[in-house]
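The values are calculated or read from the model by the stated rules, or taken from the named source; none is laboratory data. The shown structure was predicted, so the numbers you read here are calculated from the model rather than taken from an experiment. Note that each Cβ is placed from the backbone with ideal geometry, even for glycine, and that neighbours are counted across all protein chains shown. When the accessible area is computed, the model is the full protein with side chains, heavy atoms only, and any ligands, DNA or RNA have been set aside. Shrake-Rupley method; radii C 1.70, N 1.55, O 1.52, S 1.80 Å.
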Amino acid sequence: MVNDILGTDVVVQIGIIVRDIEKAVEEYSKIFGVEKPEIIITDVYEKAKTQYKGNPTPARAKLAFFKNFKNVEIELIEPDENPSTWREFLDTHGEGVHHLGFLVKGTKKIIEDFKKNGIEVAQQGYYTGGMYTYLDSFERIKFIIELLENF
């Protein structure tokens, strides 16, 4: 059962990789009739401590969060050229749904449980107030699982 592994059965975020975040924000705002969210840039390595496939990476991305939906937020992600799961996804699959995000507690244990099922960590890093972990689940379930843990 999903609850047994993740501690939740609620998807809180859908992450979508885009080539041009300014254009995507414009389109999403028009289509959904909502205000354009601020576009931010992820933190530098010294703060984010981003690891991709077990190695440090200076990868950064432009992000925009649409929080206009009752149960889920849509995150648009435009990756830079550095190695990351975002860049790999764009280069391999093009634009599209990258991940489903779950707000969790106890990331370390959840990671261990997924490892038992052959799903490893693809990328991990910190943001103000918490950390994210992308699990390398795409080949098996056609999207990446993101664990979001706020401190």
Worksheet entry | Among residues of region 11-35, those that are of a type outside the set (Gly, Ala, Ser), surrounded by 12 or more Cβ atoms within 10 Å (Cβ to Cβ) and in contact (Cβ under 8 Å) with a residue 12 or more places away in the chain, counted | 14
Worksheet item: Out of all the residues in region 61-86, which are open to solvent by 40 Å² or more (accessible area, probe 1.4 Å), among the hydrophobic types (A, V, I, L, M, F, W, C) and in a strand (DSSP E or B)?
Response: 65
Response to the item:
Given the conditions (1) under 17 Å from the mean Cα position of the chain (by Cα); (2) under 18 Å from residue 98 (Cβ atoms); (3) open to solvent by less than 100 Å² (accessible area, probe 1.4 Å), every one holds for residue 43 apart from (2)
Worksheet entry | strands (runs of 3 or more DSSP E) fully within region 87-151 counting 3 or more residues that are of a type outside the set (Gly, Ala, Ser) and under 17 Å from residue 8 (Cβ atoms) | 96-103, 130-135, 144-150
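Can you tell me which residue is surrounded by the fewest Cβ atoms within 10 Å (Cβ to Cβ) among those in region 95-126 that are within 22 Å of residue 18 (Cα to Cα) and more than 12 Å from the chain's Cα centre (by Cα)?
The residue in question is 96.
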Practice prompt. Consider residue 92 carefully, then state whether it is open to solvent by 50 Å² or more (accessible area, probe 1.4 Å), β-branched (Val, Ile, Thr) and more than 13 Å from the chain's Cα centre (by Cα).
Written response: yes
Worksheet item: Pairs, please: C-beta under 9 Å, at least 6 apart or cross-chain, first residue more than 16 Å from residue 136 (Cα to Cα) and in region 88-107, second at pLDDT below 95 and surrounded by 13 or more Cβ atoms within 10 Å (Cβ to Cβ)?
Response: 103/8; 104/6; 104/7; 104/8; 105/7; 105/8; 106/7
Worksheet item: List, please: which pairs have Cβ atoms under 7 Å, are six or more places apart or on different chains, and start with a residue in region 36-61 that is under 19 Å from residue 135 (Cα atoms) and end with one that is open to solvent by 90 Å² or more (accessible area, probe 1.4 Å) and of a type in the set (A, V, I, L, M, F, W, C)?
Response: 60/41
